[in-house]
Structure formats: C-alpha cells, structure tokens
Amino acid sequence: MWLWISRETDLLCGPRRLLHIAPEQGLLERFASADQVTYVKGDIDSPLADVALDLRATPFPTGCFDAIVCSHVLEHIADDRTAMKELARILRPGGWALLMVPFYPERRTDEDPSASRQERLIRFGQEDHVRTYGGDYVDRLHDAGFDVEYEMYGTKFESRFARRHGLPFGEFLIAGWKPTVLHGQSSVETIVEHLNVDDVGLTSTYSAT
C-alpha cells in the first residue's frame with residue numbers, strides 16, 4: 001500500500017488530513033513520520049488508535065479528511081453499506097480512500113452475518129469475517145458515493161522489485177475517490193465548513209467549489 005500511496009497520490013506533497021482505520025504497524029510508522037500529514041488513527045478497540053470509533057457512525061465532521069486508509073476492515077462489519085456511506089461522508093470531495101477487502105471480481109458477494117464461527121471459517125476464510133466480496137463490491141461502493149478503480153498493483157513491477165516492497169501478485173488494490181460532483185447532481189455545491197475535532201487535534205477550515 002505504501003508504494004501506491006507514495007507513487008500514485010499527493011498525500012506527501014503538502015498539508016493533508018489522513019484517517020487510518022485499524023492501523024497496521026508498518027504503515028503507522030511511515031504515516032507518523034510524514035511532516036505535513038495530520039494523522040488520525042481510529043479503531044473500535046485497539047491500543048494503537050487515537051480515537052475509538054464505530055465505522056458506521058464516526059465522530060468526525062463531513063468532508064474532514066483528504067485521505068482514508070481502510071484495509072481489510074469492511075468484511076468484518078455486518079452493516080457494511082452504512083460504513084461505506086460514512087467513509088464517503090467524512091472524505092472531502094476529490095479525496096481518496098484505500099478500501100481493500102477479500103475481493104473476487106468474477107463472483108458475487110457471499111455473505112451471512114448470522115453464520116456460526118465455524119461456518120465463517122469455511123466460507124469466508126476467517127472466523128471474524130462475515131463475507132467475501134465479489135464484483136458487486138464496486139456497485140456497493142458506488143452506491144455509497146465513490147468512484148472506484150481496482151488493479152493487481154504488484155503485477156506492474158518486476159518480480160524482484162515487487163517482492164522487495166511486499167507487493168502481493170494475487171491481491172487487488174482497491175481505491176475509491178469521492179467525486180467533486182456528487183452522483184446524481186448536475187453541479188457542485190459549494191462546501192464551506194469550519195472543522196474542529198479537539199479530541200484528535202484536527203482543526204481546519206476549507207472551501208471546495
């Protein structure tokens with residue numbers, strides 16, 4: 001993920017606000033050392049998090065983050081559509097989110113939040129997963145307000161380079177962008193908000209037209 005973020009986005013090019021959900025240790029250290037990034041870590045129950053949050057209803061104002069990293073989280077959440085809409089809400093227009101999940105685009109999503117732990121292990125690969133996503137994952141994200149692209153990013157590089165940077169050849173990198181013109185609208189609304197989240201040290205004013 002770091003290679004894609006550093007090569008394909010502008011996260012490190014100026015002042016940015018980043019939300020990292022269920023933070024991974026390796027990425028956490030890189031993000032924390034980025035001078036111009038206001039870095040907020042969130043999780044439902046983790047000592048690494050700055051903010052304890054339920055992804056279906058976060059405490060953040062609308063449009064307050066430039067980027068979100070949410071890798072292998074949504075497959076754990078029964079009401080994933082509400083979580084996707086919440087992610088889109090707190091992302092600014094033009095912002096991006098990494099939204100990796102167990103993804104098999106040739107299939108349909110297989111899900112059952114009521115399944116037993118043993119059945120989840122057999123069907124979804126882990127006892128705490130409630131689904132594996134198929135190609136309709138893209139439709140769910142679009143319905144939530146994202147434009148979506150996915151690719152096997154590791155295949156873009158020579159195999160030795162890919163291995164050195166931990167790029168798996170068989171995993172899709174899935175990214176969503178919040179359009180500046182919202183789905184179903186013919187023009188962009190002017191958004192001017194004063195954002196003040198004292199408990200996570202996030203204070204900013206922005207105007208997007």
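Bear in mind that the values in this text are calculations on the coordinates, not laboratory data. Keep in mind the model is a prediction, meaning the values are calculated, not measured. Quick reminder, even Gly has a Cβ in these numbers, built from the backbone with ideal geometry, and neighbours come from all protein chains shown.
The ranking of Arg17, Arg120 from fewest to most other beta carbons within 10 Å of each one's beta carbon is Arg120, Arg17.
Based on Cα atoms of region 1-127, Rg over Rh with Rh as the Kirkwood radius reads 0.99. Treating r as the C-beta distance of Arg81 and Arg160 and R0 as 45 Å, the FRET efficiency rounds to 0.65. Exposure proxy ranking for Met152, Met1, based on other Cβ atoms within 10 angstrom of each Cβ and starting from the fewest, stands as Met152, Met1.
Please give me the summed charge of the neighbours of Glu111: other residues whose Cβ is under 13 Å from its Cβ, Lys and Arg +1, Asp and Glu -1. Provide the component values of the computation, followed by the final result.
Working: positive: Arg81, Arg107, Arg108, Arg120, Arg123, Arg131, Arg140; negative: Glu75, Asp79, Asp80, Asp110, Asp112, Glu119, Asp136.
Overall, the nearby charge balance is 0.
Give me the extension gain from Arg89 to Leu28: residue separation times 0.36 nm, minus the current Cα-Cα distance, reported in nm with one decimal.
My answer for the length gained is 19.6 nm.
Fewest neighbouring Cβ atoms within 10 Å first, the residues Lys85, Lys41 line up as Lys85, Lys41.
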